[in-house]
Every structure is written in structure tokens, then in C-alpha cells.
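A short write-up of the structure that comes next.
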Amino acid sequence: IDEMYHTSFGYIPGGQEIVIVPDPGNCQRYYLFSSTQGNFPRPFYSILDLNLPNQWTNGRNGALENFSSGNAQVLSLPSNDWFRGRIGFAASKLRSDNSRFLFVHDGLSNIYRMRITLSGPIFDNYIINCGGEESSVQRAELELLELPNGEYKLASSSTQTSGINSPSHVFHTTLNSS
């Protein structure tokens, strides 16, 4: 989110990345991926179902599905550590097997690849170690480029708390579609 508008506070600079991914099996459902903020953020997702009745506006549909933990579910990734930086997300287009890739950057040194299938988001045991150092990052982005041959390139950029953009990092790791 680059910036938000709040009726009481005006424009508020954004600090986290959000990605919205259509459910590959239901065009009325969307996965909303984001993260908590603070020193040790965690990636999570919610599901927006446009078929559910809206509790705030009678006669309208669209509501978040409930999990046992509330309206959000923490992503199941192999690290037991809390992430240490600003979390970035990037999603692929719909693939030939009716799934999508979701890449999750931990804000420091790893990018985790998940598949979004008819069963939901699933970690597929693919981790890219891209190096990195902890810093006072205020905002980070992860971008995905899909190449004509089916491979992917990832790039990240971050804004320091001083407001100065750091150089983008292109992870030249070849990511194929398997």
C-alpha cells in the first residue's frame, strides 16, 4: 500500500505490501495476502467471498471467510522464526495446471514459493536464498517478471526509514514453471 486515506487523519503513508489473488477454482473468491507489522512480522491471508452476505450492508454480498483464528490465517512456511523485515509478495498469472505461484520474501534473505491450488495456498518446498542484511526498511516490494519461455525473474526494492530508495535487487535465479 503506497498510501491510505483515513477520514480522521487524512493521507497515511503505507508500509506493507498486499497482493490479491483470484481463487483458481471459484471466480467469486479472492485470497488477500498481507503481513502484520512491527519488528517480527508474519505473513497471513484472508479470503474474500463475494457470495457471502455482507454484515455491514443489507442486500449486498462480499465478506471475509472465518477461520478458527478469526478472519486471517498465518501462512504455513518452514521457518519457525518470525520474519525480520518488511514482507514482500508477488503472484504469477494462472498457470496451465490451474494454479498460481505466490512468492513470499521474508524481508531479509529468503523467498518462499507457494502454490495456490484448488485446495488453497500450499508451500511447495522451494526456497531461494538471496542473501541480505537487516536494515531499517520502512517499505518493501517484490516484483515478478514472467518470461516468454515460462521462467520467472524476481526483483525487490525497499525504502529506508529516511525515505531514500535503496537499489533494486534482481534475483537472477532461474525459476521454471515446475
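Each of Asp124, Asp49 has its accessible area taken with a 1.4 Å probe; listed largest first, they run Asp124, Asp49.
For segment 101-112, 3J(HN,Hα) computed residue by residue from phi via the Karplus equation (6.51, -1.76, 1.60; θ = phi - 60°) reads 8, 10, 9, 10, 8, 7, x, 9, 9, 10, 10, 9 Hz, glycine and proline entered as x.
The values are calculated or read from the model by the stated rules, or taken from the named source; none is laboratory data. Note that the structure is predicted; figures quoted are calculated from it, not measured. SASA here: full protein model, heavy atoms, side chains in, ligands and nucleic acids out. Shrake-Rupley method; radii C 1.70, N 1.55, O 1.52, S 1.80 Å.
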